[in-house]
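A quick write-up on the structure given underneath.
Since every read-out is calculated from the coordinates, none of them should be taken as a lab result. Being a predicted model, the structure only gives us computed values, none of them experimental. All Cβ positions, even for glycine, are placed from backbone atoms using ideal geometry, and neighbour counts span all protein chains on display.
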Amino acid sequence: MASEVIIGRYVGSPVKIPSDRDAVSGQHVKISILDNGRWKLEDLKSSNGTFVRDENGEFHRVFAKQIQESDIIRLGNGGANSFVFAAHRAFAQDDSYVYEFKQLRKLLKHQKDKEMKQEKKIEITGWISKLSGLAVIGLCAVIGSIKGINIDPNTRYILIASAPVVVGLIFSGDTKRLKDLRKKKERILLCPKCGRPISEFDIELGQCSRCKAK
Ligand SMILES: [Zn+2]
């Protein structure tokens, strides 16, 4: 059987909105579970909009959208008076955040895996850059022996010294990607109840040390 709820600042809202979140409209958004089991979200012409987070942690404004139970929804355009929650909360029967913490742990693991891969890549690049000087020495020797071209010591020195710099430039995107990954992690690891940044320790523990949600 299909069911639907309306979430907002009105008294009967199944998701309670803290009183200081005045970017949220009285009746802000409708979430339905359709007969086929799919979840649907509809913005109810709210004043400050409804947003759904993508896998990169960026929020996008939506008006009507098919969503997943695990999707993160924001009511309002992002200031401290907005409200963020997992779609799951719309039909949650109690004040338990076990589901949200489980999702957070998955997200954290996924992020850490990505970071680790990126760190490995940077480590390998470091080795390539160290070895590139040697490669140039070898190359000069080969050119010298085959073609009989004598590369003068000054030129050779410049080539050897600049090889690691060139390699570093070629791979400079990798360091930036790692930084972006870490920034993204900070952005998305938030307590499912109070919305404040949450530590990895709290996530593993399954309880927010500030608001005690668990
Ligand atoms: Zn909290």
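Comparing Ser25, Ser145, Ser96 in a Gaussian network model of the chain, where Cα atoms under 10 Å apart are tied by springs, the biggest mean-square fluctuation is seen for Ser145. Of the trypsin sites (Lys or Arg not before Pro) in the range 43-85, the ones in a loop by DSSP (not H, G, I, E or B) with at most 12 other beta carbons within 10 Å are Lys45. Look at the Cα gyration tensor of the range 3-91: its axes a ≥ b ≥ c give a/c of at least 1.5 with a/b at or below b/c, and that counts as oblate.
Each of Val11, Val84 was scored by other Cβ atoms within 10 Å of its Cβ. Arranged with the fewest first, they read Val11, Val84. Pairs spanning more than 22 Å between alpha-carbon atoms, out of Lys40/Lys184; Lys65/Lys184; Lys102/Lys185; Lys130/Lys185; Lys65/Lys179; Lys30/Lys212: Lys40/Lys184; Lys65/Lys184; Lys130/Lys185; Lys65/Lys179; Lys30/Lys212.
Near Glu123, once Lys and Arg are set to +1 and Asp and Glu to -1 for all other residues with Cβ below 13 Å from its Cβ, the sum equals +1. Here is the short version for the chain: Cys140 have no other Cys C-beta closer than 4.7 Å.
Charged side chains reduced to their Cβ positions (Lys and Arg at +1, Asp and Glu at -1) give the range 1-159 a dipole of some 420 debye around its Cα centre.
Distance from the Cα centroid of the range 173-190 to that of the range 58-73 is 22 Å (rounded to whole angstrom). Which one, Ile151, Ser209, Phe51, projects farthest toward the positive side of the charge dipole computed for the chain from Cβ point charges (K/R +1, D/E -1)? Comparing the listed Cα positions along the dipole, Ile151 ranks first. Here the contact order of the chain, divided by its residue count and restricted to Cα pairs under 8 Å and six or more residues apart, works out to 16 percent.
Only Cα pairs within less than 10 Å get springs; with that Gaussian network setup on the chain, which residue of Leu44, Leu190, Leu159 has the largest fluctuation? Top of the fluctuation ranking is Leu159. Electrostatic bookkeeping for Val84 treats Lys and Arg as +1 and Asp and Glu as -1; over the other residues with beta carbon under 9 Å from its beta carbon, the sum is +2. Taking a ≥ b ≥ c as the square roots of the eigenvalues of the alpha carbon gyration tensor, the chain is prolate, as a/c is not under 1.5 and a/b beats b/c.
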